[in-house]
Amino acid sequence: MKKVMYKITIILLIGIMLISSYFVFRDCKEDKKQEKIFEELIVIANNEGNEKEQIQEDEINLEELYKINSDVVGWIRIKNTNMNYPIMQSKYSPNYYLTRNFYKNYSSNGTPYMAENCDIEKSDNLIIYGHNINGKRVFGELENYKKEKYYNEHSIIQFHTLKEYAEYEIIAVFKTVAYSSKGFDYYNYYNLKDEKEFNIFVNKCMELSFYNTGKKAQYGDRLITLSTCEYSNKNRKISSCSKKSNLGGVK
């Protein structure tokens with residue numbers, strides 16, 4: 001009887017190992033596929049192979065990407081990091097790009113996308129979501145901002161739209177519990193109707209921040225909030241709040 005149980009246990013363990021190996025292989029394959037797509041998009045976005053005579057150092061060719069997929073609304077980049085991605089916004093399904101690549105095919109890694117209630121031209125606070133992928137890819141880069149030293153070296157976000165190029169200064173990096181009365185509902189602050197609401201949002205971001213960045217935002221500043229999962233607890237989110245800087249140039 002013991003031998004039979006031993007054999008059954010071994011068979012079960014082998015089965016579990018095979019199933020686990022399959023999922024690891026599948027995830028690795030998906031990661032490589034998505035990384036290849038992002039690399040292709042970077043080539044297009046950086047005008048490589050384009051015959052334009054004068055191209056600004058930080059210019060992104062969103063027009064070419066828009067011809068491929070009109071859901072693209074921007075491009076986000078932080079120099080000397082992995083953050084270098086298109087930003088999508090589906091016209092028909094709010095979380096469509098949570099599980100879709102740029103070409104609208106299924107991808108567990110998804111593509112960074114803007115919240116459904118945000119208007120790329122009018123909203124006071126553009127809320128952008130992205131997965132936290134192993135190796136700190138996609139918005140996993142936000143994990144690095146838990147350390148103040150890293151923030152000091154990467155405090156500027158470049159954000160391109162079809163109409164302008166702008167730079168944003170990160171003013172706070174925080175984590176909170178999403179969709180809970182115990183957490184901060186930062187995702188509801190996209191149209192800040194008055195100075196009071198603006199200050200409530202900004203002050204809460206700074207209150208929760210891992211450290212004091214020394215940066216402040218004033219009513220009238222345009223904001224970007226990046227958000228991804230943080231796995232220390234259920235429904236944890238790590239986010240950064242940034243204000244539009246006068247360092248960036250308008251196209």
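The values are calculated or read from the model by the stated rules, or taken from the named source; none is laboratory data. Values in this document were obtained by computation on a predicted structure and should not be read as measured data. Cβ atoms come from the backbone with ideal geometry, glycine included; neighbour counts cover every protein chain shown.
Some points to look at:
- Within region 84-120, the residues that satisfy the criterion of being more than 20 Å from Glu164 (Cβ to Cβ), of a type outside the set (Ser, Thr, Tyr) and without any contact (Cβ under 8 Å) to a residue 60 or more places away in the chain are Lys91, Pro94, Asn95, Leu98, Arg100, Lys104, Asn105, Gly110, Glu116.
- Residue pairs meeting the criteria (Cβ under 8 Å; at least 6 apart or on separate chains; first within 12 Å of Phe184 (Cα to Cα), in region 195-209; second in a helix (DSSP H, G or I)): Phe201/Tyr186; Lys204/Tyr186; Cys205/Tyr186
- Here Asn82, Asn61, Asn95 are screened, and the one residue that is within 22 Å of Cys229 (Cα to Cα), at pLDDT below 95 and either of a type in the set (D, E, K, R) or in contact with a helix residue (DSSP H, G or I) (Cβ under 8 Å, 6 or more places away or on another chain) (or both) is Asn82.
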